[in-house]
Amino acid sequence: QVQLVESGGGLVQAGGSLRLSCAASGRTFRRYAMGWFRQAPEKEREFVAAISWSGLSTVYSDSVKGRSTISRDNAKNTGYLQINSLKLEDTAVYYCAANQYGLGLSDSYNYDYWGQGTQVTVSS
């Protein structure tokens, strides 16, 4: 069992940066790949970024590639998502999730555990 709690969301001006955290409980977190997804109002949940259990492999959606960094610290049972050059369209609830087998990281159906989400609002 893995429990995830996101933090770090808030109101940010366009062009600014934000670092989201995902704190995990359970000693097995380090065995899970981790992903970040987001959901804007009236839109489907979409993949943002993912990282392997070891942290050696990452993947990003085109919408954040080049301005985002996903990372993790297994010793602290915490994952991170840094997004720079924030845009209005980045406004959404951001969720972190854990994937037991490290497969299909861009598909939300492959994730076993989810956090409750943290709101990110980008203003002009």
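The values are calculated or read from the model by the stated rules, or taken from the named source; none is laboratory data. Just so we're clear, the structure is a prediction, and the values are computed from it rather than from any experiment. Please note: Cβ atoms are built from the backbone with ideal geometry, for glycine as well, and neighbour counts cover all protein chains shown. The accessibility values were calculated without ligands, DNA or RNA, using every heavy atom of the protein model including side chains. Shrake-Rupley method; radii C 1.70, N 1.55, O 1.52, S 1.80 Å.
A few notes on this one:
- Criterion violated by residue 101 - all others in (1) open to solvent by 20 Å² or more (accessible area, probe 1.4 Å); (2) aromatic (Phe, Trp, Tyr); (3) modelled with pLDDT of 95 or more satisfied: (3)
- Residue pairs meeting the criteria (Cβ under 6 Å; at least 6 apart or on separate chains; first within 17 Å of residue 101 (Cβ to Cβ), in the stretch 44-56; second in a loop (DSSP other than H, G, I, E, B) and open to solvent by 50 Å² or more (accessible area, probe 1.4 Å)): 47/106
- Scanning the stretch 1-23 for residues being open to solvent by less than 60 Å² (accessible area, probe 1.4 Å), touching a helix residue (DSSP H, G or I) at 6+ places or on another chain (Cβ under 9 Å) and assigned to a loop (DSSP other than H, G, I, E, B) gives a total of 2.
- Of the residues screened, residue 26 is not one that is surrounded by 22 or more Cβ atoms within 10 Å (Cβ to Cβ), closer than 12 Å to residue 4 by Cα and of a type in the set (Gly, Ala, Ser).
A quick yes/no check of all residues on (1) at pLDDT 95 or above; (2) in a loop (DSSP other than H, G, I, E, B); (3) surrounded by 15 or more Cβ atoms within 10 Å (Cβ to Cβ); (4) touching a Ser or Thr at 6+ places or on another chain (Cβ under 8 Å):
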position: 59; (1), (2), (3), (4): yes, no, yes, yes
position: 66; (1), (2), (3), (4): yes, yes, no, no
position: 80; (1), (2), (3), (4): yes, no, yes, yes
position: 86; (1), (2), (3), (4): yes, yes, yes, yes
position: 93; (1), (2), (3), (4): yes, no, yes, yes
position: 120; (1), (2), (3), (4): yes, no, yes, yes
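- Residue selected from the stretch 36-51 under the condition open to solvent by 10 Å² or more (accessible area, probe 1.4 Å) and assigned to a strand (DSSP E or B), by the criterion farthest from residue 104 (Cα to Cα): 39
- Residue check for residue 72: part of a strand (DSSP E or B) and basic (Lys, Arg): yes
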